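Note sheet for the following structure.
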Amino acid sequence: FLCLLEPLWNELNAHHAALKSEFRGYYKKKRFKDRRAELDTKTGSMRVVTAYACGSLGGYCVSSVSPDGTGEIDSLIVSSALRRQGTGRILIEDALAWLSSVNAGKVILSVYEGNTGAVRFYERLGFAPKYTVYEKTSQEN
């Protein structure tokens, strides 16, 4: 089932590569199979919710809860054609309701640097930054 998500993931990866020049090499090297392997190693419960428009996959949200009760929005991706139409809000509110139903004590998520639209979106939903991670990449990246 996760293989159906690959085209949208690739679209988002290209979007991220355009956001911050320092990390273009990183995003160009990222592959969906690696992201899928990361998700496959998670312990606890995981849920994938999809959104379709005109018969095509228009978005998805992967959420999980770890054995210690921490909820996570692992991925929220909405196609560029459906952004700013409420699709992301519907997907994330569904994920948050599920995480609440499985008693997640807190919910975390990550946003790539430069993705100001996503930051504003999550802040409107009540999320706030806790800390920032800085990274220095080698020149060949």
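In the stretch 56-90, which residue that is surrounded by fewer than 18 Cβ atoms within 10 Å (Cβ to Cβ) and part of a strand (DSSP E or B) is modelled with the highest pLDDT?
So, considering only residues that are surrounded by fewer than 18 Cβ atoms within 10 Å (Cβ to Cβ) and part of a strand (DSSP E or B), the one modelled with the highest pLDDT is 70.
Among the residues of the stretch 91-120, count how many are at pLDDT 90 or above and more than 30 Å from residue 21 (Cβ to Cβ).
The total comes to 14.
I'm trying to understand the selection: among the residues of the stretch 39-54, which are open to solvent by 30 Å² or more (accessible area, probe 1.4 Å), touching a strand residue (DSSP E or B) at 6+ places or on another chain (Cβ under 6 Å) and small (Gly, Ala, Ser)?
Across the stretch 39-54, the qualifying residues are 44, 45.
Consider only pairs whose beta carbons are under 8 Å apart and that are at least six residues apart or on different chains; among these, list those whose first residue lies in the stretch 35-53 and is among the small types (Gly, Ala, Ser) and whose second residue is open to solvent by 50 Å² or more (accessible area, probe 1.4 Å) and not in a strand (DSSP E or B).
44/67; 45/102; 51/90; 53/81
Can you name the number of the only condition in (1) in a helix (DSSP H, G or I); (2) open to solvent by less than 70 Å² (accessible area, probe 1.4 Å) that residue 36 fails?
Failed condition: (2).
Quick one: is residue 81 over 16 Å from the mean Cα position of the chain (by Cα) and under 24 Å from residue 17 (Cα atoms)?
yes
Considering the stretch 14-24 alone, what residues qualify as being among the small types (Gly, Ala, Ser) and loosely packed, with under 15 Cβ neighbours inside 10 Å?
14, 18, 21
Restricting attention to the stretch 91-106, report how many residues are touching a strand residue (DSSP E or B) at 6+ places or on another chain (Cβ under 7 Å) and without any contact (Cβ under 8 Å) to a residue 40 or more places away in the chain.
Of the residues in that region, 6 qualify.
For the stretch 5-33, how many residues are within 17 Å of residue 58 (Cα to Cα) and touching a Gly at 6+ places or on another chain (Cβ under 8 Å)?
1
Mind listing just one residue for me: the one in the stretch 121-141 that is among the hydrophobic types (A, V, I, L, M, F, W, C) and outside any helix (DSSP H, G or I) and, of those, modelled with the lowest pLDDT?
Filtering first and then ranking leaves 133.
For the stretch 91-120, which positions are surrounded by 13 or more Cβ atoms within 10 Å (Cβ to Cβ), part of a helix (DSSP H, G or I) and among the β-branched types (Val, Ile, Thr)?
Passing the criteria: 92, 119.
The values are calculated or read from the model by the stated rules, or taken from the named source; none is laboratory data. Remember, it's a predicted structure, so these values are computed and weren't measured experimentally. All Cβ positions, glycine included, derive from the backbone under ideal geometry; neighbour counts span all protein chains shown. Protein only, heavy atoms only, side chains kept; ligands, DNA and RNA dropped before computing areas. Shrake-Rupley method; radii C 1.70, N 1.55, O 1.52, S 1.80 Å.
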